[in-house]
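Here is the structure we will look at, set down as structure tokens.
Read-outs throughout are calculated quantities, based only on the coordinates presented, and are distinct from any laboratory measurement. This one's a predicted model, so the numbers in the text were calculated from it and none came from an experiment.
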């Protein structure tokens, strides 16, 4: 318990705990899905985890978020997750698994948000200001009187994000929250996550099968056949087209095009911008 007492006071000026590794996973094995997987998540980083369908991405999120118990394989803020009191664990982590969060309690988005705000804010004026800020930041104005269970998936995810961030967690675990979104919504969601990360200093661990989304993260992990197959800066990993194609992951269009042109010595490096790619071809 001495560590817990120190944890509550040993914080940086902006309220984030100052540690080199926020999350440490060491030799994680689970049933027939994972075998000796190890990686770290640094503070204020956006990590994506990808792999073919049924490689265990959702299960991994459940393990990392404490929903599936482990034994001395995962540390958060220097302490094994099984040692955390439940109330403190909920305070420093937030988890969104869409299939688990499919039903909201209240009949309107306004009621849903205000209930959650009430759990974290005491002063009435602060509650009102917080509600106004959420509606504006998450672009929910026209949905305030709508039933949260009947709004589009994109809006549901934004409501869940707003509620999770009210608790000021250190880390957010997200399971394929962009899976049901269209291209425009995916782009807006990534921009929102980046904004939230910049404003709060939160770390994000998110699973996805869409490598276009992975390109927007700081670090990418690829899971295949129980192992951590690849990890590193997203573009450098995604350029390994021969490996990713074999495990059934589709390359982003611009990466795929650049790799093919590079094979014919038409360009020297991968370009994600079409105009720059054309300029490089004609140099």
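Structure data summary
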{"read-out": "Ratio Rg/Rh [Cα only; Rh per Kirkwood] for region 105-212", "value": "0.96"}
{"read-out": "Region 209-283 and region 93-138: distance between their alpha carbon centers, rounded to Å", "value": "38 Å"}
{"read-out": "Value in Å of the Kirkwood radius, where the chain supplies the Cα pairs that are averaged", "value": "20.5 Å"}
{"read-out": "Contour excess over end-to-end distance, with Cα ends at residue 260 and residue 86 and 0.36 nm allotted per residue", "value": "57.6 nm"}
{"read-out": "Region 181-250 - Rg over Rh from alpha carbon coordinates, Kirkwood radius", "value": "0.99"}
{"read-out": "Kirkwood Rh, angstrom, region 161-283 [1 / mean 1/r, Cα pairs]", "value": "16.1 Å"}
{"read-out": "Rg [Å, one decimal], Dmax [Å, integer] - region 223-276, C-alpha atoms", "value": "12.1, 40"}
{"read-out": "Calculated P(r) tail over 18 Å for region 76-164, as whole % of Cα pairs", "value": "50 percent"}
{"read-out": "Equivalent ellipsoid dimensions for region 25-125 as semi-axes, Å, which come from the Cα gyration tensor, largest first", "value": "30, 18, 12"}
{"read-out": "Relative contact order computed over the chain (Cα-Cα under 8 Å; 6+ residues apart), in percent", "value": "22 percent"}
